[in-house]
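Asker: Have a look at this one before I ask anything.
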Amino acid sequence: MHFSDLGYAIRMMRRTPVFTIAVVLTVALTVAANTTIFSAVNAVMLRPLPFGDPGRLVQVAEKNDKLNLPNFNASVLNFVSWREQTQTFEELAAIGFGAVTLSSGGEPEQLPGNRISPALIRILGLTPVAGRAFTDDEEKPGSAPVVMISEGLWKRHFGASGALIGSTITLNGAPATVVGIAPPALSLISGADIYAPLVVDRSKEIRLNHVVFVVGRMKRGVSLRQAQAEMDTIASRVGHQYPEVRDWGIHLVTFFDTFVSSQLKTGLLVLSCAVMFVLLIACANIANLLLARATPRRKEMAIRAAMGASRNRLVRQLLVESTVLSIVGGAIGILTAFWAVSAMNRSLPPNLLPVSGIPIDATVLWFASGLTIVTGLIFGIVPALRTGKVDLNEVLKQTSRGAVGGLRSLRNGLAAAELALATVLLIGAGLLIQSLANLQHVHLGFDSRGLVTFQLAPPPTKYPLGGKAPLLYRAVLDSLQSLPGVRGAAVSSGIPFGAGNYTTHPMITNGPSILPSGAAVPIDWRIVSPGYFKTMAIPLLRGRDFSDADGPAVPTVIIVSQRTAKKFWGDEDPIGKTLSRSADPRTPLTVVGVVADVRNTALSQESPALYYAMAARVWPLMDIVVRVESSPETLLPAIRQKVHEIDAELALANVRTMDQWLSNTAAQPRLNAVLLGTFAAVALLIATVGIYGVIAYSVNQRTREIGLRVALGAKPSGVLSLIVGEGMKVVLIGIGIGLIGGFALGRTVSSLVFGVVVHDPITFGSVAIILACVGLVACTIPASRAARVDPMVALREE
C-alpha cells in the first residue's frame, strides 16, 4: 500500500461522510459482536487449561451400563484399588467435596472445604503460591490436622500475610495448621477455599459409596485408548474380587470434556455461527453500498486509466479505501468489545462457564485485527474488481441506465443472500426464545414464591451426624417458625436447583413389580424434615408425611415421587410396598407416602426421587428452606439472628431466594436466546437496509425509464406494482433459501431447545411472514416515490 493510496482513501471518506459513517458503524457492530463471542470461545475452548501438560490429564470415573450411568463419582476403596494396580498412569488422586466453618474471632464463615489426595497438586503440575503442598504421609489415619487455603481467602481474610504459614486456624471448632496457599488453578476443579488431606481409612469406607472425583495423569506415550483398555481390565479384576461392584466399570474422560459440557460447546458453536452470519450480512450490505457508488465513479476510474493507471493500480486503490473504512470501524468495534466482555463478566452467574472470567488477551486482539482486515477485503473485493475493469470509450458512451444494468443482478444476489442469512438467524432465535419461554413456564412441582434458602454445616466434632446434628436442625426449625411472617421452615440435603447434595441410589424392589426381577433403577434421593413438602408446596398425593417418630428406633420409611412409584409398580397403590438399595438388599425401605414429581436439577426434566426422614440421618451440609409471607429478603437479618441465638459459631452460606436459584438455572438458555435474538435483530435490520438500498438505488437509476412509462400512459399503481414486484422477487428468493438453511440448523440446536420441535412450522411460518412484511415495506417506500415521478423532469435526465 502506497501512502498516496491511503491519503486518497481518507479524502474520499471525508467527501462522503454519510456513506463513511454507515460503513464504519456497520463494521464496528459486526467486529464487536464477533470479538465478544470469540473471547468466550477462546477462554472456554481454545486456551489450554492452566495445568502442566493438560493433554495427559483425565477424569477417572465409574460407570454402570445396567443403570445407564455413563459418568459417575468413584468410591474411595475403588480409587485405592486402581491406584495400586495401574501401570499406564503416573499417579491418581481423589477429591472429596464438602464444607467447613471458619472461626477467627469475628463472624463465622461457612466455606467450601474439600479433601484432596496429596498427589493432586503434583498430578496437575501446580506449585503452591506460598508454603508447601501436602505430603503423602498426611493421607494416613492419625496424621496431624493440616490445611491449605485458597489464594482468594488468603488475600481477603488474612491480608495475604506470610505469617499465616505455620500458624493455626479454627475449622469446624478444631485447630488446624496452615501449611500452604493453594495455586489458583486448583479452584477450577474443586472450587474450594479450604483444602485438607483426603485421609484413607479402609476400615471406615464402603466400596459402593461413590463420593470422590478421581484425576489421573497418563504416562508419556500412553494414549487414552491404551489407558482405557488397562482400566477395563482392572475394573473386571476388582469386580471379581468384590462382587458388589461387578457391574461397575471405569470411564476415562479428557479434562477438556470434563470441564466443557456438550451443551456449552453447542451453544458457543451456534453463537459463533450467528455472529459470522451477521458479519457476512454486513459484508454483503457494504458491498452493495460500494456497488451503488460504482456507477458515478466509473468515469473517474476510466479517466485514471486513460492517464496511465493499470487495472491492478485501480483495484489496489479501491481495496485500500475499503480496508481503511474497515480499520476505522474495526478499531471502534474492538473498543466496544472490551465494554461488552466486561459487561458479560459482570452479568454471568457463577459456575456458568468453566473459567473464572473471560479475558481479551493477545489471541483475541489478533483475531479482531485479522477479522477487521479480512472484512475490508471481503466487502471490497467484488466492487473493486467490477469498478476497476473499465473501458474509456464504453464509459463515455454509456448512459446511467446502461451503466447500472450490469450491476443489478449482482446487487440483487447480495440482497437475497443477506435475507437468507437473516432468515436462518431468526429461525434459530425463534426456537431458542420459544424454548426459554417454555422453561420459564414449566411446572416445577413446587411453589418458588416466598422461599428463602441457606445452608448450614455444623462442626461434626460438636454436632455428630448420628447424635446432636438432627436435634440442632430441629431446634433451628422451631426457632425460625416462631418468627412473625414465617409460614413454614424445613431441612433438606438438597433443595431443587440448589448447591446441596444430589446423590443417586440404585434401587430394587422386594416384592411384585412391573420391572424384571432384580432390576435396579438409579433414583435421586434427599433427606428431608417433617413439613418439608408443605413448606415447599409439593403436593402429598397418597399416604402421609414424615413425623418426628420416624427415627432410628422404627423401621426405615421413605416417601417416593409419583414417577418413582410408576416406574416400579405402575398404577398400583405403592403405600406399604418396599424398596431396597442394591448395595444393601436386606434392609427394606417401606413407602409411607407419594408426592408429586419435582424438577430438581434441570428445568427440562423431572427425575424419579425418594425421600428419607431427617430423624434417621443427616449429611454434614444441609439446606434450610423458609417460606415467608412478605418479601424473603426482609426477613434475612431476623433469620440470621435466630440461628446465632442457638449457636453463635454457626455460619449461614449460600443465602438466596428460590427465585434466584431458578434464575441461575436458566442463565445459559437465557443467554443463548438473548444473544442470538440480538444478533438476529441486527441481521434483520442490516438486511432490511440492504433490500431498501437495492430498490432505492434501482429507482434512482431508472428515473428516465419510469418517466417514459408514465408519459406513455402507465398508471402510478402500475409503476408501484412493477417496482415492488421486482423487489419482492429478491425477498422471496432470499427467504426461500433461508428456510432451507433453517431446516439444516434444526439438528444443531436440537440439544439447546426444550418443548419445541426444531422444524416447528409455526416458527418457520412466522419468520417467513415477518421477513416478507419487512421486505414489502422496504420495497414499497422507494416504489411509492417512483410512482410519483414527474415525467417531464424524468425525460430531461440523461
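Asker: When the stretch 229-240 is examined, which residues are found to be exposed (fewer than 15 other Cβ atoms within 10 Å of the Cβ) and either touching a strand residue (DSSP E or B) at 6+ places or on another chain (Cβ under 7 Å) or free of Cβ contacts under 8 Å to residues at least 40 places away in the same chain (or both)?
Answerer: Scanning the stretch 229-240 gives A229, D232, T233, S236, H240.
Let's see how each residue does on (1) part of a loop (DSSP other than H, G, I, E, B); (2) of a type in the set (V, I, T); (3) farther than 20 Å from V270 by Cα; (4) more than 23 Å from the chain's Cα centre (by Cα):
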{"residue": "G736", "(1), (2), (3), (4)": "no, no, yes, yes"}
{"residue": "F743", "(1), (2), (3), (4)": "no, no, no, yes"}
{"residue": "V749", "(1), (2), (3), (4)": "no, yes, no, no"}
{"residue": "V758", "(1), (2), (3), (4)": "yes, yes, no, no"}
{"residue": "I762", "(1), (2), (3), (4)": "no, yes, yes, yes"}
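Asker: Counting only residues that are buried (at least 19 other Cβ atoms within 10 Å of the Cβ) and either more than 20 Å from P459 (Cα to Cα) or aliphatic (A, V, I, L, M) (or both), how many does the stretch 89-117 have?
Answerer: The number of residues fulfilling the criteria is 11.
Asker: A further question follows. Taking into account only those residues within the stretch 196-215 that are in a loop (DSSP other than H, G, I, E, B) and charged (D, E, K, R), which is surrounded by the fewest Cβ atoms within 10 Å (Cβ to Cβ)? So that I can check it myself, show each step before the final result.
Answerer: Residues of the stretch 196-215 that are in a loop (DSSP other than H, G, I, E, B), as a first pass: 198-201, 205-209.
Narrowing further to those that are charged (D, E, K, R): 201, 205, 207.
Details: D201: 11, E205: 17, R207: 18.
Applying the filter and picking the extreme gives D201.
Asker: Here's something else I'd like to know. Restricting the stretch 570-580 to residues that are open to solvent by less than 40 Å² (accessible area, probe 1.4 Å) and within 40 Å of the chain's Cα centre (by Cα), which is nearest to I514 (Cα to Cα)? Explain how you work it out, then say what you get.
Answerer: Going through the stretch 570-580, the residues open to solvent by less than 40 Å² (accessible area, probe 1.4 Å) turn out to be 570, 574, 578-580.
Narrowing the set further to residues that are within 40 Å of the chain's Cα centre (by Cα) leaves 570, 574, 579-580.
Values: G570: 7, P574: 12, L579: 13, S580: 16 Å.
That would be G570.
Asker: Another question, then. In the stretch 74-88, how many residues are crowded, with 22+ Cβ neighbours inside 10 Å and of a type in the set (S, T, N, Q)?
Answerer: Looking only at that region, the number is 2.
Asker: For the stretch 519-534, name all the residues that are open to solvent by 10 Å² or more (accessible area, probe 1.4 Å) and either under 29 Å from L621 (Cα atoms) or touching a Pro at 6+ places or on another chain (Cβ under 9 Å) (or both). Give the steps one after another, and end with the answer.
Answerer: In the first step, residues of the stretch 519-534 are kept if they are open to solvent by 10 Å² or more (accessible area, probe 1.4 Å); the result is 519-522, 524-525, 530-531, 534.
Answer for the stretch 519-534, where residues must be open to solvent by 10 Å² or more (accessible area, probe 1.4 Å) and either under 29 Å from L621 (Cα atoms) or touching a Pro at 6+ places or on another chain (Cβ under 9 Å) (or both): A520, V521, P522, D524, W525, P530, G531, K534.
Asker: Oh, and also: If you take the residues in the stretch 636-694 that are farther than 26 Å from P349 by Cβ and free of Cβ contacts under 8 Å to residues at least 60 places away in the same chain, which one is least open to solvent (accessible area, probe 1.4 Å)? Spell out the reasoning first.
Answerer: If we filter the stretch 636-694 for residues that are farther than 26 Å from P349 by Cβ, which is where we start, we get 638, 641-642, 644-650, 683-694.
Among the residues that remain, those that are also free of Cβ contacts under 8 Å to residues at least 60 places away in the same chain are: 641, 644, 685.
Numbers: Q641: 109, H644: 46, L685: 114 Å².
The qualifying residue least open to solvent (accessible area, probe 1.4 Å) is H644.
Asker: Quick check, is R586 in a strand (DSSP E or B) and free of Cβ contacts under 8 Å to residues at least 24 places away in the same chain? So that I can check it myself, show each step before the final result.
Answerer: Details: in a strand (DSSP E or B): yes; free of Cβ contacts under 8 Å to residues at least 24 places away in the same chain: yes.
Taking the combined requirement at face value, the residue satisfies it.
Asker: Would you check which residues across the stretch 571-598 are of a type in the set (G, A, S) and modelled with pLDDT of 90 or more and list them?
Answerer: Residues of the stretch 571-598 that are of a type in the set (G, A, S), as a first pass: 576, 580, 582-583, 593, 596.
Result: G576, G593, A596.
Asker: If you take the residues of the stretch 415-445 that are open to solvent by 20 Å² or more (accessible area, probe 1.4 Å) and assigned to a loop (DSSP other than H, G, I, E, B), which of them is modelled with the lowest pLDDT?
Answerer: H441
Asker: Kindly indicate whether R225 is without any contact (Cβ under 8 Å) to a residue 60 or more places away in the chain, over 25 Å from L352 (Cα atoms), surrounded by 14 or more Cβ atoms within 10 Å (Cβ to Cβ) and of a type outside the set (V, I, T). Before you say what the answer is, go through the steps one by one.
Answerer: Numbers: without any contact (Cβ under 8 Å) to a residue 60 or more places away in the chain: yes; over 25 Å from L352 (Cα atoms): yes; surrounded by 14 or more Cβ atoms within 10 Å (Cβ to Cβ): no; of a type outside the set (V, I, T): yes.
Considered against the rule, which asks whether it is without any contact (Cβ under 8 Å) to a residue 60 or more places away in the chain, over 25 Å from L352 (Cα atoms), surrounded by 14 or more Cβ atoms within 10 Å (Cβ to Cβ) and of a type outside the set (V, I, T), R225 comes out as no.
Asker: Can you find, within the stretch 479-507, the residue that is surrounded by the fewest Cβ atoms within 10 Å (Cβ to Cβ) among those that are in a strand (DSSP E or B) and modelled with pLDDT under 85?
Answerer: To start, the set of residues in the stretch 479-507 that are in a strand (DSSP E or B) comprises 486-492, 503-507.
Adding the requirement that they be modelled with pLDDT under 85 leaves 503-506.
Numbers: T503: 17, T504: 19, H505: 22, P506: 20.
In this case the residue turns out to be T503.
Asker: Please go through the stretch 160-191 and pick out each residue that is touching a residue at least 12 places away in the same chain (Cβ under 8 Å) and part of a loop (DSSP other than H, G, I, E, B).
Answerer: Going through the stretch 160-191, the residues touching a residue at least 12 places away in the same chain (Cβ under 8 Å) turn out to be 162, 164-166, 169-191.
I165, G166, N172, G173, P183, G191, listed by residue number.
Asker: Is it the case that the stretch 626-644 has a residue that's at pLDDT 90 or above, acidic (D, E) and farther than 15 Å from M507 by Cα?
Answerer: no
Asker: Residues that are open to solvent by 10 Å² or more (accessible area, probe 1.4 Å) and over 30 Å from P175 (Cβ atoms): does the stretch 452-459 have at least one?
Answerer: No, the conditions are met nowhere in the stretch 452-459.
Asker: In addition: Would you mind stating whether G405 is more than 30 Å from F256 (Cα to Cα) and at pLDDT 85 or above? I'd like the intermediate steps shown before the answer.
Answerer: Working: more than 30 Å from F256 (Cα to Cα): yes; at pLDDT 85 or above: no.
Criteria not met by G405.
Asker: Further question on the same structure: Output the residue which, of all residues in the stretch 627-681 that are within 25 Å of the chain's Cα centre (by Cα) and of a type in the set (G, A, S), is farthest from N600 (Cα to Cα).
Answerer: Looking only at the stretch 627-681, we keep the residues that are within 25 Å of the chain's Cα centre (by Cα), and these are 653-681.
Adding the requirement that they be of a type in the set (G, A, S) leaves 653, 663, 666-667, 673, 677, 680-681.
Numbers: A653: 20, S663: 14, A666: 13, A667: 16, A673: 23, G677: 28, A680: 33, A681: 34 Å.
This residue is A681.
Asker: Looking at the stretch 513-537 only, could you name the residues that are in contact (Cβ under 8 Å) with a residue 24 or more places away in the chain, on the phi < 0 side of the Ramachandran plot and either β-branched (V, I, T) or assigned to a loop (DSSP other than H, G, I, E, B) (or both)?
Answerer: Narrowing the stretch 513-537 to residues in contact (Cβ under 8 Å) with a residue 24 or more places away in the chain: 513-515, 520-537.
Narrowing further to those that are on the phi < 0 side of the Ramachandran plot: 513-515, 520-530, 532-536.
Once the filter is applied, which keeps residues that are in contact (Cβ under 8 Å) with a residue 24 or more places away in the chain, on the phi < 0 side of the Ramachandran plot and either β-branched (V, I, T) or assigned to a loop (DSSP other than H, G, I, E, B) (or both), the stretch 513-537 yields S513, I514, L515, A520, V521, I523, I527, V528, S529, P530, T535.
Asker: Answer yes or no as to whether T748 is touching a residue at least 12 places away in the same chain (Cβ under 8 Å), surrounded by 18 or more Cβ atoms within 10 Å (Cβ to Cβ) and polar (S, T, N, Q). Spell out how you get there, then give the answer.
Answerer: Details: touching a residue at least 12 places away in the same chain (Cβ under 8 Å): yes; surrounded by 18 or more Cβ atoms within 10 Å (Cβ to Cβ): no; polar (S, T, N, Q): yes.
In short, no.
Asker: Assess whether R599 counts as being open to solvent by less than 50 Å² (accessible area, probe 1.4 Å), in contact with a Leu (Cβ under 6 Å, 6 or more places away or on another chain) and outside any loop (DSSP other than H, G, I, E, B). Step through it out loud before you land on a result.
Answerer: Numbers: open to solvent by less than 50 Å² (accessible area, probe 1.4 Å): yes; in contact with a Leu (Cβ under 6 Å, 6 or more places away or on another chain): yes; outside any loop (DSSP other than H, G, I, E, B): no.
Taking the combined requirement at face value, the residue does not satisfy it.
Asker: Those residues that are in a loop (DSSP other than H, G, I, E, B), polar (S, T, N, Q) and either touching a helix residue (DSSP H, G or I) at 6+ places or on another chain (Cβ under 6 Å) or closer than 30 Å to T578 by Cα (or both), I need them from the stretch 603-660; list them, please. First the steps, then the outcome.
Answerer: As a first pass, look at the stretch 603-660 and keep what is in a loop (DSSP other than H, G, I, E, B): 603-608, 614-621, 629-631, 647-652.
Subset that is polar (S, T, N, Q): 604-605, 607, 630-631.
Scanning the stretch 603-660 gives S604, Q605, S607.
Asker: Which of the residues belonging to the stretch 156-195 are aliphatic (A, V, I, L, M), open to solvent by 30 Å² or more (accessible area, probe 1.4 Å) and in contact with a strand residue (DSSP E or B) (Cβ under 8 Å, 6 or more places away or on another chain)? Please lay out each step first, then the result.
Answerer: Here is the first cut: in the stretch 156-195, the ones aliphatic (A, V, I, L, M) are 160, 163-165, 169, 171, 174, 176, 178-179, 181-182, 185-186, 188-189, 192, 194.
Now narrow it down to the ones that are open to solvent by 30 Å² or more (accessible area, probe 1.4 Å): 160, 163, 165, 174, 188.
Residue satisfying the conditions is I165 alone.
Asker: Looking at the stretch 317-338, is at least one residue surrounded by 15 or more Cβ atoms within 10 Å (Cβ to Cβ), touching a helix residue (DSSP H, G or I) at 6+ places or on another chain (Cβ under 6 Å) and at pLDDT below 75?
Answerer: yes
Asker: Within the stretch 252-268, can one find any residue that is in contact with a His (Cβ under 9 Å, 6 or more places away or on another chain), hydrophobic (A, V, I, L, M, F, W, C), at negative phi and surrounded by 19 or more Cβ atoms within 10 Å (Cβ to Cβ)?
Answerer: Going through the stretch 252-268, the residues in contact with a His (Cβ under 9 Å, 6 or more places away or on another chain) turn out to be none.
No, the conditions are met nowhere in the stretch 252-268.
Asker: Before we move on, is I194 under 26 Å from P506 (Cα atoms) and touching a residue at least 12 places away in the same chain (Cβ under 8 Å)?
Answerer: Details: under 26 Å from P506 (Cα atoms): no; touching a residue at least 12 places away in the same chain (Cβ under 8 Å): yes.
No.
Asker: Right, something else. Would you confirm, using the coordinates I've provided, whether P512 is open to solvent by 50 Å² or more (accessible area, probe 1.4 Å), under 30 Å from R474 (Cβ atoms) and not β-branched (V, I, T)? Can you show your working first?
Answerer: Numbers: open to solvent by 50 Å² or more (accessible area, probe 1.4 Å): yes; under 30 Å from R474 (Cβ atoms): no; not β-branched (V, I, T): yes.
Against the criterion (open to solvent by 50 Å² or more (accessible area, probe 1.4 Å), under 30 Å from R474 (Cβ atoms) and not β-branched (V, I, T)), P512 does not qualify.
Asker: Counting only residues that are touching a helix residue (DSSP H, G or I) at 6+ places or on another chain (Cβ under 8 Å) and over 23 Å from N600 (Cβ atoms), how many does the stretch 436-475 have?
Answerer: Number satisfying all stated conditions: 6.
The values are calculated or read from the model by the stated rules, or taken from the named source; none is laboratory data. In this text the structure is predicted, and so the values were computed from the model without any measurement. A quick note on method: Cβ atoms are made from the backbone with ideal geometry, for glycine too, and the neighbour counts reach across all protein chains shown. Surface areas here come from the heavy atoms of the whole protein model, side chains and all, with no ligands, DNA or RNA. Shrake-Rupley method; radii C 1.70, N 1.55, O 1.52, S 1.80 Å.
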